[in-house]
Amino acid sequence: MATRAALKFARECSVYRKAKSNNISSRCFSTAASTNAHTPQPPSPKKVPHFSKKGRLLTASGIGLLIGGGAYASTVDEATFCGWLFSATKLVNPFFAFLDPEVAHRLAVSAAARGWVPIEKRPDPPILELEVWGRRFANPIGLAAGFDKNAEAVEGLLGLGFGFVEVGSVTPVPQDGNPKPRIFRLRNEGAIINRCGFNSEGIVAVAKRLGAQHGKRKLETSSTLSPAVDDSIHGGKAGPGILGVNLGKNKTSEDAAADYVQGVHTLSQYADYLVINISSPNTPGLRQLQGRKQLKDLVKKVQAARDEMQWGEEGPPPLLVKIAPDLSKQDLEDIAAVALALRVDGLIISNTTIQRPDPVSKNPVAEETGGLSGKPLFNLSTNILKDMYVLTKGKIPLIGCGGVSSGEDAYKKIRAGATLVQLYTALAYGGPALIPEIKAELAQCLERDGYKSIYEAVGADCR
């Protein structure tokens with residue numbers, strides 16, 4: 001890229017020199033013509049702006065740097081250059097801090113959708129690879145639902161190096177969500193309060209995007225891979241990277257099960273796993289579905305809808321349930337009992353909290369209604385994770401979500417019982433450069449404690 005830019009500058013300078021030469025020739029011609037009044041004079045050439053000596057020096061220096069930089073970039077190894085690109089995103093992060101939170105979020109999604117983000121070319125540490133639900137994950141670090149609500153940037157986000165990306169929450173009918181402003185930063189605490197309320201373009205719009213992306217990714221994968229290679233090595237249905245779809249319900253809907261069933265029928269063909277989100281604090285009555293009877297009835301209906309569809313050899317997508325961190329011991333026991341009895345494929349622990357633990361409680365922004373995410377949620381969600389791992393006896397894969405901002409945090413989630421880990425708020429503050437840092441630190445933590453794989457560390461603190 002740098003080399004092409006340098007050549008472009010060189011061509012422009014060549015045009016300038018040519019124009020300048022023509023100008024000199026014209027002046028000579030005009031002098032000669034003054035001695036012969038009857039000789040017709042040619043039209044005056046276009047005036048070329050005069051470059052000062054300082055300007056010429058700066059231009060020459062710029063061209064030199066571009067050519068030198070382009071030549072060096074063409075010889076440096078891909079891994080080093082990739083590292084530079086990710087590190088360079090740290091220069092952009094401060095710009096987003098001056099924007100309204102929702103505007104910044106919108107710009108970030110647009111950038112990822114247009115490919116204006118770095119692409120991870122370096123292989124993940126082998127110790128991070130694992131298989132869950134028959135899907136091969138290159139690493140256990142995923143992007144939680146809420147960032148790409150409408151599946152606009154799946155390819156760009158997977159390209160950042162996440163092991164999996166979860167889109168949504170997606171509602172059956174488009175809805176605007178709650179009035180703005182509805183996202184509030186607590187920068188010093190590394191936290192965010194949001195009350196978005198399932199703003200979604202609806203399942204039809206999302207299905208169209210996922211269908212187009214699915215076909216493109218599958219075509220690219222089939223054209224670059226040998227038929228003899230095992231498909232499971234490459235991740236999900238459409239190629240490298242695992243895609244999850246988080247399903248929500250409309251605010252005005254009186255039949256929650258019908259909303260989730262509609263999402264299953266429309267989107268499951270594109271998903272490597274599905275999530276029933278019954279834990280957002282921003283949709284009235286939603287968390288009541290976490291009760292034992294309500295959850296049992298809901299899961300049964302959604303499982304039946306999924307299982308009645310026609311599936312190939314890969315079978316139906318796993319069905320997960322996302323729960324809140326604000327649950328009593330009895331609530332947790334009820335959820336664990338239902339999950340075990342109905343053989344739920346996994347649980348995501350957890351969503352945002354309505355609590356305001358210290359030091360958030362001292363921040364004036366804490367008065368805002370909504371769910372709290374980020375660092376202050378880490379201990380609360382990790383304790384719930386431990387409890388659920390014990391209650392489910394380690395038989396159900398758990399995804400640890402809430403307050404993860406480092407490789408050490410991810411490692412603690414895994415030791416607390418998580419097989420996979422998700423983040424979101426930390427990405428909003430740290431940008432793309434955070435992803436390779438977390439993966440590298442997680443690998444170091446595993447090796448430091450003598451583990452040879454993720455599996456060996458799962459639930460280590462609960463044994």
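The values are calculated or read from the model by the stated rules, or taken from the named source; none is laboratory data. Note that the structure is predicted; figures quoted are calculated from it, not measured. Here the Cβ positions follow ideal geometry from the backbone for every residue, glycine too, while neighbour counts run over all protein chains shown. Side chains are part of the model used for accessible areas, which takes the heavy atoms of the whole protein and leaves out ligands, DNA and RNA. Shrake-Rupley method; radii C 1.70, N 1.55, O 1.52, S 1.80 Å.
Spacing of the modelled spin labels on PHE81 and ASP176, each 7 Å from Cα toward Cβ, amounts to 4.7 nm. Shape of the range 163-218 from the C-alpha gyration tensor: oblate (a/c of 1.5 or more and a/b not above b/c, with a ≥ b ≥ c the square roots of its eigenvalues).
Over 26 Å between Cα atoms, which of LYS293/LYS375; LYS249/LYS301; LYS180/LYS439; LYS251/LYS296; LYS90/LYS375 qualify?
Values: LYS293/LYS375 33 Å; LYS249/LYS301 15 Å; LYS180/LYS439 35 Å; LYS251/LYS296 21 Å; LYS90/LYS375 20 Å.
Result: LYS293/LYS375; LYS180/LYS439 exceed 26 Å.
Take the range 348-463 with all the other protein chains still there, run a 1.4 Å probe, and you get 39 Å² of accessible area per residue.
The alpha carbon centroids of the range 399-437 and the range 110-149 are separated by 12 Å. A DSSP coil position with no more than 12 other Cβ atoms inside 10 Å describes the following trypsin sites (Lys or Arg not before Pro) in the range 360-406: LYS393, LYS395.
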